[in-house]
Structures are given as structure tokens and as C-alpha cells.
Amino acid sequence: GAALNPVGDPVFDALRALRRDLAREAGVPPYVVFHDSVLREMAASRPSTLADLGQIGGVGSRKLEAYGDRFLEVLRQF
């Protein structure tokens, strides 16, 4: 449905751009950082704290520590 795959969702697009940059820095494929489904959930639920972000399925403590602040920075812009 449209809710799961928002076309032209600027928040999702910004999260994907950050994921691409982080993946490039780490030398890993983007899905290793976070799957699309995780980014969609971030875009939909707009977590504002690391604790909120950690509630999203697929965001484990290691990824939260490694990437959490960067993703929250992007989310705060919207």
C-alpha cells in the first residue's frame, strides 16, 4: 500500500541518503546499515530520542550506538 512505500517521501529519501553515505564510509552495502523497512518505520514514526529509535525493529544496540545520532539529526530537520 501507499503507506508502506511512500512515493517521494522527503524524510525517507533523506534517511536513504544518509544510509548510503554511512555504508560508503564503512565499505558495506546499504542494507548492512539498515534495511529499507527500518528506514520506512523511522520516517513514519519520527523517533526523536535514541530510546525511541531503539524501539524500531531492526535497530539493535550496536547499530543504535553506531548510527543513532546521525539518523536523529536527519529526522530533526523535518
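Just so you know, all these numbers are worked out from the coordinates, no wet-lab data involved. No experiment lies behind these values; they were computed from the predicted model shown.
Miscellaneous remarks
- Per residue, the chain reaches -20000 deg cm²/dmol at 222 nm when only DSSP H runs of four or more residues are counted, each adding -39500 (n - 2.57).
- Alpha-carbon radius of gyration plus Dmax, which is the widest Cα pair, for the chain in Å: 11.5, 33
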